[in-house]
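Here's the structure, in structure tokens; my notes come after.
Please treat every number below as a calculation from the coordinates, not as lab data. Every value quoted in this text rests on a predicted model; they were computed, and no experiment measured them. Using ideal geometry, Cβ is built from the backbone for each residue, glycine included, and neighbour counts are taken over all protein chains shown.
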Amino acid sequence: MVMPTSAGAQTNQQVKDAENRVSQVQAELDAATAAYEDSWARVEAAKAELVDIEARAAFLEKEAAEVGAVLSDRARLVYKYGSDSILTSMMSAEGPQGAIDRAAMLSAVTSRSQGRLQSAVSLRKELNQLEALRASKQAELESLLAIQEQRRGDLQSQLQVVEARAADLRERAARQRAIDNAVMQGLYACIHDYNSFRDTWGAPRSGGRAHKGVDVMAPYGVPVYAFTNGRISRLTSGGLGGISLYMWGDDGNEYFYTHLAGYAAGIYSGKRVEAGEHIAINGDTGNARGTPHVHFEVHPGGGGAVNPYPYMAAACR
């Protein structure tokens, strides 16, 4: 009899929670992307401001150079002729009016030189301020973009993780069946996505042995799933079985998988697992070379093996 269980409701809640987390991270990523795009708009505005700053700086450089050239010329004249030559030129002017005119001209030259000197100092100060502003703006832009890009990258990585988690839970829930009968109570799942098996309980095997399990055939390397909720009890390797896994189910039964190619990432002895969770990889180790499959056994209460076919049929068909 198949019926819903509290374990099934718990799995459905896990799926719902995972999907809500995906939606939350996606919303955060959308917000970060919008912020990044807003940052680009600020970048473009700042770039335009930088262009203006650089144009103003270039103009000031030219002005400063011209003022510097005039002052250099003035300094050379004073050095060459000396201040006495200025007085001599004034006294040699033709008549009193000529002297007055020369004096006025020299006064204007001196005043103009002083103004240019002050202008040169002011230009250089403004130019230095503009250079500092330009460096500050550039650093601000680079920092802003780096922060936004890092945030987007972190969220994209996080989204991939939560999407994978949600997809895994959805697939796991789709594999699960809630069963309540004389020997099975809880959530169960077929150990493969391939339901290729038949009842070979007791069939003869090499060395006079009888088959104590069911062979579930599947391509090499495909996932192998937990048959029910429970705990990984042992991981072993060697002998006829090759790589093997033992699992204690919450239903009180021990389950045995063998001929595996390996284990799923994160699987270790003692780990809690859920029905349909990826726990191993299908293979052909041990005496199964060339015929990849899982030899699966059921041991009620950890005792002797019983025919697992009815268990598999209930979970898989």
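Compute the label zone of residue 264 within the range 150-181: residues whose backbone N is under 19 Å from the point 7 Å along Cα-to-Cβ. Residues passing the 19 Å test: 160-179. A DSSP coil position with no more than 14 other Cβ atoms inside 10 Å describes the following chymotrypsin sites (Phe, Trp or Tyr not before Pro) in the range 230-316: 268.
Each principal axis of the Cα cloud of the range 158-228 was taken in turn, and the coordinate range along them, longest first, works out to 55, 34, 16 Å. By the Cα gyration tensor, the range 245-298 has an equivalent ellipsoid whose semi-axes, rounded to whole angstrom, run 21, 13, 8 from largest to smallest. Gain on full extension, evaluated as 0.36 nm per residue between residue 33 and residue 125 minus their Cα-Cα distance, stands at 29.1 nm. With the simple spin-label model, which puts each label point 7 Å out from Cα in the Cβ direction, the residue 183 to residue 284 separation comes to 3.0 nm. Normalised Debye scattering of the range 188-316 at q = 0.22 Å⁻¹ gives log10 I(q)/I(0) of -1.46, counting only Cα atoms as equal scatterers and leaving out solvent. Ordering 214, 162 by the number of other Cβ atoms within 10 Å of each residue's own Cβ, fewest first, gives 162, 214.
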